[in-house]
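Input: a single structure, listed below in structure tokens.
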Amino acid sequence: DQQVKQNSPSLSVQEGRISILNCDYTNSMFDYFLWYKKYPAEGPTFLISISSIKDKNEDGRFTVFLNKSAKHLSLHIVPSQPGDSAVYFCAALSMYNNNDMRFGAGTRLTVKP
Amino acid sequence: DGGITQSPKYLFRKEGQNVTLSCEQNLNHDAMYWYRQDPGQGLRLIYYSQIVNDFQKGDIAEGYSVSREKKESFPLTVTSAQKNPTAFYLCASSDSYSNQPQHFGDGTRLSIL
């Protein structure tokens, strides 16, 4: 039972344009959400997170938006750069069980020069 | 440099053999985790440990065993009972306090011949 879903396995954008990666979740107990970035042959690295008390969190070129009523979050990368090409994982957890983090299947982003 | 070291990067074993994957961290983190990644799927939790000498099963613990004798080490044994052991295994660690992002190692790719 996938509680965190990333329905787009891949996304291709032109350098300088916006990349929007989407994530949906089903468990209403999730109250903290994270995005990880993964390059081939490396482990995921933490990118940005958002608590359910917020609807937006920004860090440089990366912004995460949370729509709790829709159980949907998205990661915006503006402007996209070729070095952003990687697999992006969405993850979610509940503060009451913060060891049980659930991951989406990932979206492979390709930024074309 | 602080980080998580997984070794080896690639591991080949014959069917029916137990194999142990190493995970060491020098981040002074209390919690450690083991995940499995299969193509087209998100990371799935195998086991986690919040403190030394204590560990809990994740979603897919069958056929695996762990130990946590030292804070910095959390080895995973893939036993012959694991029906489909060929996968990419990721170890992670985090502070015990809630919502601290997990830090990942670079993974071990296990192939059963």
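No lab work stands behind these numbers, since they all come straight from the coordinates. From a predicted model like this one, the values you see are computed outputs, not experimental measurements. All Cβ positions, glycine included, derive from the backbone under ideal geometry; neighbour counts span all protein chains shown.
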- The residues A:Thr107, A:Thr45, sorted from fewest to most surrounding Cβ atoms within 10 Å, come out as A:Thr45, A:Thr107
- For chain B, give the magnitude of the charge dipole about the Cα centre (Cβ charges: +1 Lys/Arg, -1 Asp/Glu; no others), in debye to the nearest 20. 400
- So which of A:Lys38/B:Lys9; A:Lys54/A:Lys112; A:Lys5/A:Lys68; A:Lys37/A:Lys71; A:Lys5/A:Lys54; B:Lys9/B:Lys83 end up more than 23 Å apart by C-alpha? A:Lys54/A:Lys112
- Using unit Cβ charges (K, R positive; D, E negative) and no other charged atoms, how large, in debye to the nearest 20, is the dipole of the protein assembly as shown about its Cα centre? 540
- Task: With an 8 Å cut-off on Cα pairs and a minimum separation of 6 or more residues, tell me the relative contact order of chain A in percent.
- Result: 37
- Along principal axes, Cα extents of the range B:1-66, largest first, whole Å: 35, 27, 26
- Task: Compare the Cα positions of A:Ser12, A:Val78, A:Trp35 along the charge dipole of chain A (+1 at Cβ of Lys, Arg; -1 at Cβ of Asp, Glu; about the Cα centre) and return the one farthest towards the positive end.
- Result: A:Ser12
